[in-house]
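Enquirer: Pasting a structure here, questions to come.
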Amino acid sequence: MKTIKLTQLFTMLVALVALVSCVQDDDFSVPELDAGVVEIEGQSVSISSVAGQVAQAADNGDEIFTFDGVDTFIEGYVISSDEGGNFFEEFIIQDSPENPVAGVRILIDVNPLFTTYEVGRKVFVRLDGLTAGISNGVLSIGIADGGSLGKIPAPIQNDVIVRSNEVAQIIPLPLAFSDFTNDKTNLFIALQDVQFSADEVINNQRTYASEPQDEFDGERVLEDCATGGRTILSTSTFSDFKALSLPAGRGTINGILTKDFFGEVFNIAINSPTDVVFAEGNRCDLCGLADERGSGVVFADNLSSGSLSPLWTNFAQEGSEVWGTFNAGGGFGTAANIGSFMSGDARTVTWLITPEIDFDAQEMETLNFETSNSFSDGSELTLLFADDWDGDTANIDDANWRPILEGTIVSDDTFFQDWVASGNIDLSCIEGTAHIAFKYVGSGEEDFDGTFELDNFAINSADDGGNNGGGSVDCGTASSAGATVLFEDFFETQSNNQPISGNGWTNFQEAGTQEWSAFSSTGQNPSLGISARVGSFMSGDASTISWLVTPEIDLDAQDGETLQFMTSNSFADGSTLELLFSSDWDGVPANIPTATWEAIPAGIIVSDSDDFAAWFDSGIVDLSCIDGSGYIAFKYVGSGDANSDGTYELDEIQINAQ
């Protein structure tokens, strides 16, 4: 039996109640203890042992555990404060002021509490008659209220909770996002080298919890500058500091590791804004976000082929799960996914890495993609880049992978059917060559076995109108076309409203769902018999990039090669149609985005200002200055946005020679 002697008189309890009840407004002060002695007899048990009893009860099918007829108590140090309004009728204690092992939330029907149990105060909690369980995802003590936990009534406060005269300095426990576990909740921790996401403080200037969408709590995304990991800072909409703007710099946050209301997602809660110690500026973003997105394609994959491009590196570093594909529906078609659900793996670490990108070959590179989840739980997906990886999967850990924090990745609390756009991520500050990677970390455990989904990945640039930095091939125009036909198509054998196929065509969707198809019309916008067309009107696609590529043409086998075609539009809006040539495409559709495509500027293509019912002749485009063999391509770029959702029409394509 352990006996604890405390400096406190019974008369002090009466005086304390009177003092608190007479305080006006916010003029609170912590009462002093006198020199009297009260003995508490009983056995001291650890907070960890309480957690163990709750776990045993859960194993037996009971959500709560009541201490009945016991002579035990727990002791701990207060780490929360309701002075700033971010906690209400609860306080949290941990078992040591430094390097704590366990903590517990005390639910009590008293407000305020900081006047009695200030941060650092050591307290004792008698357990007889109290009930412990998991409430809102964390270990909590209160009273039984049916099958759940209720608050300790105010009249028995001083019978149950006793202050000691010790007030210790609380030393925050340094903890990385990746080290968050259930047994570390209710601890006062330090998050080092973190910042709020650019979407919270750069693109917008959000407050802690006073935005229109903040119903009960404001949830703000925190980023780890070292790893790119993310977590949530949660602030009550009843807090005194809810209207303060989030700081835009980077630094340390001291707070309590807890969970959201539903007990599903780890959150950080602070006592006051002074717990956020950030230096101005000095953020760890890569290049920021870009205002514009070029039409040049450096590398892209929208999985329109039904599988991931073979240019990706798809590598399971730990565990057995690799990225696969599935039918996402909702206009997305095929998308990529990764998850460790029912994998049985103790740990899953899987990489999806782009081919090496030469960032010196073009200007103003940007990155866009979309992510969704199927209950991502505690699993993580981070966006990284490295300029020193040698392409060997055995050396992944040897490379310096740095986070690209500007990219928005879907969070666990997002509705599982929603797709979240990354934002237009600026990559233009990267020099030399580099790889972009998605790194998934999870496990077969229920709390970490979530699934992430990815689609419409595109690295764009502003160079050469979007022809992959290939420059242009300009032979000018010819005075006449030869009689020898190398290739032609008037599309008369195509089926109306069906994808263009046959005759050697490659009809490839680099981004989005819209493909080149046949149409026949005699109305206000007539076709030329049967014509080809493409457009992103009402597609819902964030990006549409669609290619129509001829079979390979040998331009050394004859002389005087020329090209002719006709184009029309149905309100092209901000969408574009380009005429391109490549001598290094290997004929594999998935490799179209990585081939070098040169613009053919001599070909006339209809413009948005032209009459939508008229057809325009390209002129006789001279191809005779091109050596070797290659492919002619028509590349459409648009989106489902009303300003970029136009339609182009194409017909009467002829490649001739003398």
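Enquirer: Pairs please, first residue from the stretch 141-168 and among the polar types (S, T, N, Q), second anywhere and assigned to a strand (DSSP E or B), Cβ atoms under 7 Å, 6+ apart in sequence or on different chains.
Expert: Ser148/Ile64; Gln157/Ile108; Ser164/Leu6; Ser164/Lys122; Ser164/Val123; Ser164/Phe124; Asn165/Thr7
Residues are listed down the side, and each one gets a yes or a no for (1) touching a residue at least 24 places away in the same chain (Cβ under 8 Å); (2) polar (S, T, N, Q); (3) crowded, with 24+ Cβ neighbours inside 10 Å; (4) over 18 Å from Ile632 (Cα atoms):
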residue: Gly523; (1), (2), (3), (4): no, no, no, yes
residue: Leu528; (1), (2), (3), (4): yes, no, no, yes
residue: Thr544; (1), (2), (3), (4): yes, yes, yes, yes
residue: Pro551; (1), (2), (3), (4): yes, no, no, no
residue: Gly560; (1), (2), (3), (4): yes, no, no, no
residue: Leu563; (1), (2), (3), (4): yes, no, yes, no
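Enquirer: Just checking, which of Ser178, Ser239, Ser140, Ser234 is of a type in the set (Gly, Ala, Ser) and either modelled with pLDDT under 95 or part of a helix (DSSP H, G or I) (or both)?
Expert: One residue alone meets the criteria, Ser178.
Enquirer: Continuing with this model, one more query. When the stretch 201-228 is examined, which residues are found to be within 30 Å of Tyr440 (Cβ to Cβ), crowded, with 21+ Cβ neighbours inside 10 Å and small (Gly, Ala, Ser)?
Expert: Within the stretch 201-228, Gly218, Gly228 meet the criteria.
Table: residues versus (1) at pLDDT below 90; (2) within 24 Å of Glu492 (Cα to Cα).
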{"position": "Trp585", "(1), (2)": "no, no"}
{"position": "Pro589", "(1), (2)": "no, no"}
{"position": "Pro601", "(1), (2)": "yes, no"}
{"position": "Ser609", "(1), (2)": "yes, no"}
{"position": "Leu623", "(1), (2)": "no, no"}
{"position": "Asp641", "(1), (2)": "yes, no"}
{"position": "Leu650", "(1), (2)": "no, yes"}
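Enquirer: Go through the residues of the stretch 597-605 one by one and say whether even a single one is outside any loop (DSSP other than H, G, I, E, B), in contact (Cβ under 8 Å) with a residue 40 or more places away in the chain and either open to solvent by 10 Å² or more (accessible area, probe 1.4 Å) or closer than 27 Å to Gln362 by Cβ (or both).
Expert: So in the stretch 597-605, the residues outside any loop (DSSP other than H, G, I, E, B) come out as 598-599.
Filter once more, keeping what is in contact (Cβ under 8 Å) with a residue 40 or more places away in the chain: 598-599.
Adding the requirement that they be either open to solvent by 10 Å² or more (accessible area, probe 1.4 Å) or closer than 27 Å to Gln362 by Cβ (or both) leaves 598-599.
Taking every residue of the stretch 597-605 in turn, at least one turns out to be outside any loop (DSSP other than H, G, I, E, B), in contact (Cβ under 8 Å) with a residue 40 or more places away in the chain and either open to solvent by 10 Å² or more (accessible area, probe 1.4 Å) or closer than 27 Å to Gln362 by Cβ (or both).
Enquirer: Now a separate question. Restricting to the stretch 143-167, give me the number of residues that are part of a loop (DSSP other than H, G, I, E, B) and either among the charged types (D, E, K, R) or under 13 Å from Ile108 (Cβ atoms) (or both).
Expert: Of all residues in the stretch 143-167, those part of a loop (DSSP other than H, G, I, E, B) come to 146-147, 151, 153.
Cutting the leftovers down to either among the charged types (D, E, K, R) or under 13 Å from Ile108 (Cβ atoms) (or both) gives us 151, 153.
Qualifying residue count for the region: 2.
Enquirer: Sticking with this structure for a sec: Just for strands (runs of 3 or more DSSP E) wholly inside the stretch 486-581: which have at least 1 residues that are of a type in the set (Asp, Glu) and modelled with pLDDT under 95?
Expert: Values: elements: 506-511, 517-519, 531-535, 544-549, 562-570.
Here the list reads 506-511.
Enquirer: One residue is enough: does the stretch 349-358 have a residue meeting the conditions in a loop (DSSP other than H, G, I, E, B), over 30 Å from Gly444 (Cβ atoms) and in contact (Cβ under 8 Å) with a residue 60 or more places away in the chain?
Expert: Within the stretch 349-358 (the criterion being in a loop (DSSP other than H, G, I, E, B), over 30 Å from Gly444 (Cβ atoms) and in contact (Cβ under 8 Å) with a residue 60 or more places away in the chain), the answer is yes, since at least one residue qualifies.
Enquirer: Among Ser422, Ser428, Ser461, which is the only one that is open to solvent by 30 Å² or more (accessible area, probe 1.4 Å) and under 29 Å from Ile338 (Cβ atoms)? Show your work before the answer.
Expert: Working: Ser422 fails: open to solvent by 30 Å² or more (accessible area, probe 1.4 Å); Ser461 fails: open to solvent by 30 Å² or more (accessible area, probe 1.4 Å).
Going through Ser422, Ser428, Ser461 in turn, just one is open to solvent by 30 Å² or more (accessible area, probe 1.4 Å) and under 29 Å from Ile338 (Cβ atoms): Ser428.
Enquirer: Oh, and also: Consider only pairs whose beta carbons are under 9 Å apart and that are at least six residues apart or on different chains; among these, list those whose first residue lies in the stretch 242-271 and is more than 24 Å from Leu405 (Cα to Cα) and open to solvent by 30 Å² or more (accessible area, probe 1.4 Å) and whose second residue is among the charged types (D, E, K, R) and not in a loop (DSSP other than H, G, I, E, B).
Expert: Between residues of the stretch 242-271 that are more than 24 Å from Leu405 (Cα to Cα) and open to solvent by 30 Å² or more (accessible area, probe 1.4 Å) and residues that are among the charged types (D, E, K, R) and not in a loop (DSSP other than H, G, I, E, B), the close pairs are Phe261/Asp217.
Enquirer: Evaluate the following for Thr382: is it touching a strand residue (DSSP E or B) at 6+ places or on another chain (Cβ under 9 Å), closer than 22 Å to Phe315 by Cβ and surrounded by 20 or more Cβ atoms within 10 Å (Cβ to Cβ)? Please lay out each step first, then the result.
Expert: Values: touching a strand residue (DSSP E or B) at 6+ places or on another chain (Cβ under 9 Å): yes; closer than 22 Å to Phe315 by Cβ: yes; surrounded by 20 or more Cβ atoms within 10 Å (Cβ to Cβ): yes.
So Thr382 fits the description; yes.
Enquirer: Going by the conditions given, is Ile256 farther than 30 Å from Ala386 by Cα, of a type in the set (A, V, I, L, M) and not in a loop (DSSP other than H, G, I, E, B)?
Expert: On the way: farther than 30 Å from Ala386 by Cα: yes; of a type in the set (A, V, I, L, M): yes; not in a loop (DSSP other than H, G, I, E, B): yes.
Spelling it out, Ile256 is indeed farther than 30 Å from Ala386 by Cα, of a type in the set (A, V, I, L, M) and not in a loop (DSSP other than H, G, I, E, B).
The values are calculated or read from the model by the stated rules, or taken from the named source; none is laboratory data. It should be emphasised that the depicted structure is a prediction, and the values quoted were computed from it without experimental measurement. Because the Cβ atoms are built from the backbone with ideal geometry, glycine has one as well, and the counts that use them run over all protein chains shown. Note: accessible area is taken over every heavy atom of the protein model, side chains too, but ligands, DNA and RNA are not part of it. Shrake-Rupley method; radii C 1.70, N 1.55, O 1.52, S 1.80 Å.
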